[in-house]
Amino acid sequence: MNYVIIGNSAAGIGCVQGIRDKDKTGKITIISDEPYFTYSRPLISYWLKNAVTDENMKYRDRDFYDVNNVNTILGKRAVKIDTAAKKVILDDNSEVPYDKLLVGTGSKPFVPSAPGLDETGYFTFMKYDDAKAIKQAVKPGAKVLIVGAGLIGLKAAEALHEYTENITVIDLADRILSSILDADAASIMQKHIESKGVKFFLGTSVNNFAGKVAHLKNGETCDFDILIMAVGVRPNTELIKEAGGEVNRGIVTEKTQAVKSLTDIYAAGDCTESFDSSVGENKILAILPNAFLQGEIAGKNMSGQEFMYVNAIPQNAIGFFGLHIITAGSYSAEDAYEVADGDNYKKLFINKDKLAGFILMGKYVSKAGIYTSLIKEKIPLSDIDFNLIKDNPGLAAFSRGRRDKKLAEFH
Amino acid sequence: MKRVYVNENRCLGCHLCEYWCAFANSGEDSITKAFKLNKEAMPRINVEDDGEIHFAVQCRHCNDTPCVKACITGALSVDTEGLVTIDTERCVGCYTCVLTCPYGCIVIDEKNGGKTVTKCELCVKNAGGEPWCVKECINGAIVFEDRGVSI
Ligand SMILES: Cc1cc2nc3c(=O)[nH]c(=O)nc-3n(C[C@H](O)[C@H](O)[C@H](O)COP(=O)(O)OP(=O)(O)OC[C@H]3O[C@@H](n4cnc5c(N)ncnc54)[C@H](O)[C@@H]3O)c2cc1C
Ligand code: SF4
Ligand code: SF4
């Protein structure tokens with residue numbers, strides 16, 4: 001069997017591990033336009049703030065390709081999938097034939113147009129090379145403007161704080177991290193980040209750039225030395241679209257990760273839509289664990305096993321300047337349980353006798369996985385001691401039978 | 001592979017295993033030193049109490065290793081036997097594993113302000129050999145056995 005994987009990141013590596021679960025001999029080739037050994041994308045902000053070395057950027061041990069017998073074609077871009085001839089065409093016109101293909105192309109930054117933006121020049125923050133370019137450009141005390149107060153924008157702010165306290169973040173939304181936090185939690189995190197000297201302009205956007213000055217819609221102006229555009233990301237779906245596969249916002253797959261309307265082509269990770277089991281609809285879940293798991297399922301199916309990817313939910317664990325957040329599931333619910341003291345915040349969202357989602361901050365993040373399991377396993381709250389577990393996430397709240405299964409049986 | 005299993009009926013809720021675990025991973029050569037010099041000695045096993053109910057919980061070394069698959073850096077890994085270990089040099093303290101472990105077994109390392117996490121490694125990296133919690137449990141409530149097919 002001849003396996004080809006486009007993308008050398010979480011989805012691609014998951015696919016290798018999935019294939020090698022049973023197929024120890026099939027040929028595997030990974031293609032990536034990034035010239036690096038597989039690295040952990042979230043680490044680019046840690047690298048930028050000098051908290052992680054080049055060596056520790058690796059997502060797997062250095063002997064990963066050898067141990068798993070993987071060929072790599074790095075620094076070359078796949079430009080077309082020829083489904084009739086079953087080959088991938090690269091940007092140097094070379095051709096790579098496949099029996100089974102995985103597309104794990106991830107996403108790219110979405111940069112809205114604004115008058116003067118291109119003339120001004122900007123950075124995005126998604127790749128190792130982006131972090132390298134920023135590190136070269138940033139001088140101590142530089143004025144930094146970041147457009148976008150989401151995870152990527154704020155991770156860039158945290159990293160650049162190592163070089164300068166002169167950082168301004170603007171976002172169209174009226175709160176930071178609007179995709180994962182409610183208003184209360186967002187306000188706690190915003191105050192925490194502001195206490196480090198970062199300034200925010202929320203509920204507004206850039207009207208135009210004039211040289212190194214941004215004119216905002218709310219009338220303010222903001223001058224900068226370094227501009228980072230972190231408004232959002234878009235899945236890389238072009239290869240699949242051109243090949244005739246189904247694409248909505250992301251690539252549409254079966255539960256086996258096989259791309260709908262194509263044969264022998266699979267997709268995984270940030271370029272795809274997942275079925276969010278907490279709300280029952282397709283969504284892009286652009287998080288690393290999801291990419292790895294989808295890749296692994298794809299690899300297993302590509303190599304002849306039968307596995308389905310089910311039970312994906314939105315979930316995030318992330319910290320800024322030492323304050324941690326863990327969130328999961330859906331926040332549209334009938335009922336909620338809330339505790340707040342200082343920077344510590346907990347909100348459990350309850351719907352029809354099930355835990356629908358949660359937001360945990362500060363000291364309340366401990367043992368979060370117990371709550372995650374309540375959502376994923378859809379455990380009726382009336383079957384457990386919810387009064388106990390809402391304050392003390394633990395196994396004591398489960399029935400003896402369930403607990404014995406967890407603690408006294410092999411799994 | 002041998003794993004640690006818990007017999008809830010026998011657990012007295014004495015929390016001794018927590019002390020021995022903290023000692024085993026403290027790098028000290030005696031339990032008194034561990035707690036004198038290393039005030040915040042931190043166990044990777046946790047005894048839950050709820051009225052009459054007591055039981056110890058630590059990493060189950062799950063067969064499908066959800067934490068390893070979720071780890072964003074590769075700091076968590078599983079060996080061919082099924083032992084799940086952490087390379088704290090590569091951990092950046094993102095807590096994705098805390099979010100993922102269904103048993104609450106990933107321990108935030110409060111000794112370094114939560115910059116990394118830690119977990120039960122069945123005493124393979126310390127001077128143990130056999131898990132200390134098992135060795136020191138006074139009522140046989142924690143056992144070290146092979147109860148399943150290996151991965
Ligand atoms: C700054 C930052 C912080 C993050 N923090 C977190 C976090 O804390 N937790 C978390 O869960 N997630 C985080 N994420 C998201 C996480 O990085 C992604 O979900 C994950 O990397 C997705 O993996 P993937 O394999 O699907 O795609 P990607 O990691 O995007 O990899 C896709 C690869 O394919 C290559 N490629 C694309 N098209 C082609 C082509 N045509 N030919 C050849 N190669 C191609 C790309 O260059 C890239 O190397 C963060 C992301 C960023 C940018
Ligand atoms: S830390 Fe949790 S998820 Fe990971 S192997 Fe141990 S029990 Fe399983
Ligand atoms: S906290 Fe450390 S071990 Fe856990 S997922 Fe993050 S990097 Fe991996």
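Points to keep in mind about this one:
- Among residues of the stretch B:98-113, those that are of a type in the set (Gly, Ala, Ser) and crowded, with 19+ Cβ neighbours inside 10 Å, counted: 1
- Taken over the stretch B:89-125, residues that are at pLDDT 95 or above and outside any loop (DSSP other than H, G, I, E, B) amount to 9.
- Output for the stretch A:50-75, where each listed residue is open to solvent by less than 70 Å² (accessible area, probe 1.4 Å), touching a residue at least 40 places away in the same chain (Cβ under 8 Å) and away from chain B (no Cβ under 11 Å): A:ASN68, A:VAL70, A:ASN71, A:THR72, A:ILE73, A:LEU74, A:GLY75
- Restricting the search to helices (runs of 4 or more DSSP H) fully inside the stretch A:4-80 and requiring at least 3 residues that are within 20 Å of the chain's Cα centre (by Cα) and closer than 24 Å to A:THR272 by Cβ gives A:10-20.
- Number of positions in the stretch A:149-172 that are free of Cβ contacts under 8 Å to residues at least 60 places away in the same chain, within 15 Å of ligand 1 (Cβ to nearest atom) and part of a loop (DSSP other than H, G, I, E, B): 1
- Exclusive hit being among the small types (Gly, Ala, Ser), more than 11 Å from ligand 2 (Cβ to nearest atom) and over 28 Å from A:ASP385 (Cβ atoms), set B:GLY51, B:GLY113: B:GLY113
- The residues of the stretch B:49-74 that are more than 9 Å from chain A (Cβ to nearest Cβ) and among the hydrophobic types (A, V, I, L, M, F, W, C), listed by number, are B:CYS59, B:VAL68.
- All of (1) within 9 Å of ligand 3 (Cβ to nearest atom); (2) more than 24 Å from A:ASP391 (Cα to Cα); (3) more than 14 Å from the chain's Cα centre (by Cα) hold for B:THR96 with one exception: (2).
- Spans of strands (runs of 3 or more DSSP E) in the stretch A:217-270 with at least 1 residues polar (S, T, N, Q): A:221-223
- All of (1) open to solvent by less than 10 Å² (accessible area, probe 1.4 Å); (2) under 22 Å from B:THR96 (Cβ atoms) hold for A:ASP343 with one exception: (1).
- Among (1) in a strand (DSSP E or B); (2) free of Cβ contacts under 8 Å to residues at least 60 places away in the same chain; (3) hydroxyl-bearing (Ser, Thr, Tyr), the one test that A:TYR345 misses: (2)
- The criterion of being of a type in the set (A, V, I, L, M), in contact with a His (Cβ under 7 Å, 6 or more places away or on another chain) and either more than 10 Å from ligand 3 (Cβ to nearest atom) or facing chain A (nearest Cβ under 9 Å) (or both) holds for B:LEU83.
- Near pairs, Cβ below 9 angstrom, 6+ apart or cross-chain, from the stretch A:1-14 (in contact (Cβ under 8 Å) with a residue 60 or more places away in the chain and open to solvent by 10 Å² or more (accessible area, probe 1.4 Å)) to any residue that is of a type in the set (S, T, N, Q) and more than 6 Å from ligand 1 (Cβ to nearest atom): A:MET1/A:THR25; A:MET1/A:SER303; A:ASN2/A:THR29; A:ASN8/A:THR38; A:ASN8/A:THR72; A:SER9/A:THR38; A:SER9/A:SER40
- Within the stretch A:260-274, the set of residues being aliphatic (A, V, I, L, M) and over 13 Å from A:TYR309 (Cα atoms) comprises A:LEU262, A:ILE265.
- Summed over the stretch A:367-402, residues that are within 18 Å of B:ASP50 (Cα to Cα) and within 7 Å of chain B (Cβ to nearest Cβ) total 7.
- Looking across the stretch A:352-366, the residues that are more than 8 Å from every other protein chain (Cβ to nearest Cβ), open to solvent by less than 10 Å² (accessible area, probe 1.4 Å) and hydrophobic (A, V, I, L, M, F, W, C) come down to A:LEU355, A:PHE358, A:ILE359, A:LEU360, A:MET361.
The values are calculated or read from the model by the stated rules, or taken from the named source; none is laboratory data. Values in this document were obtained by computation on a predicted structure and should not be read as measured data. FYI the Cβ positions are ideal-geometry reconstructions off the backbone, even for glycines, and counts take in every protein chain you see. What goes into the accessible areas is simple: the full protein's heavy atoms, side chains included, and nothing from ligands, DNA or RNA. Shrake-Rupley method; radii C 1.70, N 1.55, O 1.52, S 1.80 Å.
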